[in-house]
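**Student:** Below you'll find the structure I mean.
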Amino acid sequence: MDRADLADFLRHRREALRPSDVGLPEGVRRRTAGLRREEVAGLVGMSTDYYARLEQQRGPQPSEQMLVALTRGLRLSLDERDHLYRLTGHHPPRRTRGGDHVSPALRRVLDRLVDTPALVLSDLAETLAQNRLAVALLGDQMRHEGLARSAFHRWFTDPAERASYPVEDHAHQLELQASGLRAALSMAGGGGRPRELVEALLASSEEFATIWARHAVHQRFDDRKTLLHPELGRIEVDCQALFTEDQSQTLLVLTATPGSDDDAKLRLLDVIGVGRFAEHG
């Protein structure tokens, strides 16, 4: 572990970030460049003292779990992430398509979206990041583990996944989910994690096997959809999708027509928050 270079690297990355880059208010009095140590600690989920010791060359070797948090909190690129791992004496994670590393460009846009639900998805429909309003609208989509991290998998194996859509839309969603997985499989060359998902679903869901055999091909995201919220009921939202260059990640932004009842419901998400959603989830 190279404590000196690690300290310099963390300090320079912290000073290069503006509060607006991570969804924080600028404030009026800032005597230091970039973010404060306590702000980074809050983003990462560690104590300010622990983070300060890393910058002061006094900290213990961070765990790989902590390095994941530092990578996300400091908005590191893949090259910067790998450098961080090496500085701390760890082997960098293998770079694979559809990994958990959120595109820094998409992350920057997501951090600025504070008044409408938005989330970052992998090509396997795994939620990699979501803002507070997306949690209030859809629930915590990042709590799932294993194959269940993929919404494709959950749609065919977990009845609760369909509760966010009206029953009359389920048939359309069936084809969308299967089509999205087929696109991911094609882009992965027919193997990898998409193939693992396909094989698992073929073995566990007759419904999936029937849809899969149709070779449905559809646009991954509808321009407009109806969602069901446990407190607010039906909400019509427009869907804007921003893709990374390799199409492996998507920033999905959900909005409603200004002044409409749906727009008012999205604004109420601020009031309802995430707690009452969990009571119904």
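Since every read-out is calculated from the coordinates, none of them should be taken as a lab result. Everything quoted here is computed from the prediction, not taken from an experiment. When we count neighbours, we look across all protein chains shown, and the Cβ atoms used for this are built from the backbone with ideal geometry, even at glycine.
**Student:** Which of the peptides 116-123, 13-20, 172-179, 83-90 is most tightly packed, and how do the rest follow, judged by the mean count of other Cβ atoms within 10 Å per residue?
**Tutor:** In decreasing order of mean packing, 116-123, 13-20, 172-179, 83-90 become 116-123, 172-179, 83-90, 13-20.
**Student:** Could you give the dipole magnitude of segment 3-87 about its Cα centre, charging the beta-carbon of Lys and Arg +1 and that of Asp and Glu -1, in debye to the nearest 20?
**Tutor:** With Lys and Arg at +1 and Asp and Glu at -1, about 280 debye.
**Student:** Right, something else. Determine the sum of side-chain charges near Thr157: Lys and Arg each +1, Asp and Glu each -1, restricted to other residues whose C-beta is under 13 angstrom from that of Thr157.
**Tutor:** Local net charge: -1.
**Student:** Around His229, which amide H atoms from residues at least 5 apart in sequence, or from another chain, sit under 5 Å from its own amide H, with H modelled in the peptide plane?
**Tutor:** Arg234, Ile235
**Student:** Compute, for segment 104-280, the length of the dipole vector about the Cα centre, with Cβ point charges of +1 (Lys, Arg) and -1 (Asp, Glu) only. Units Debye, rounded to 20.
**Tutor:** 320
**Student:** Could you tell me the distance between the Cα centroids of segment 59-92 and segment 108-164, to the nearest Å?
**Tutor:** When both Cα centres are located, 24 Å separates them.
**Student:** Just to confirm a number: summing +1 for Lys and Arg and -1 for Asp and Glu over residues other than Ala41 whose beta-carbon lies under 12 angstrom from that of Ala41, what do you get?
**Tutor:** Cβ neighbours under 12 Å give a net charge of 0.
**Student:** Could you work out the pair-distance distribution P(r) of segment 104-280 from its alpha-carbon pairs, with 5 angstrom bin width and percents rounded to whole numbers?
**Tutor:** 1, 8, 16, 21, 21, 16, 9, 5, 1, 0
**Student:** Please list, in order, the residues from segment 127-148 whose amide nitrogen is less than 20 Å from a point placed 7 Å along the Cα→Cβ vector of Phe221.
**Tutor:** From segment 127-148, the list is 127-143.
**Student:** Between helix 261-272 and the chain, what is the angle of the helix's C-alpha long axis to the longest principal axis, kept within 0 to 90° and rounded to the nearest 10?
**Tutor:** Orientation of helix 261-272: about 50 degrees from the principal axis.
**Student:** Show that you can apply the helix-only estimate: for the chain, add -39,500 (n - 2.57) for every DSSP H stretch of four or more residues, divide by all residues, and state [θ] at 222 nm to the nearest 500.
**Tutor:** Taking each H run of at least 4 residues, the total per residue is -13500 deg cm²/dmol.
**Student:** Follow-up. Under the Karplus relation 6.51 cos²θ - 1.76 cosθ + 1.60, θ = phi - 60°, what is the ordered set of whole-Hz ³J(HN,Hα) values for segment 84-93, x standing for Gly and Pro?
**Tutor:** 4, 4, 5, 4, 9, x, 10, 7, x, x
**Student:** Each label point is 7 Å from the Cα along the Cα-to-Cβ direction; what then is the distance between the points at Asp140 and Glu38, in nm?
**Tutor:** 2.6
**Student:** Could you compute the FRET efficiency for Ser63 and Arg108, with r as their C-beta to C-beta distance and R0 at 22 Å, rounded to 0.05?
**Tutor:** 0.25
**Student:** Now a separate question. Quick check: pseudo-label points 7 Å beyond the Cα along Cα→Cβ at His12 and Leu268, how many nm apart are they?
**Tutor:** Here the answer is 5.1 nm between the modelled labels.
**Student:** Right, another one. Using just the Cα positions, wrap segment 3-87 in a convex hull and report its mean projected area in square nanometres, one decimal place.
**Tutor:** 5.2
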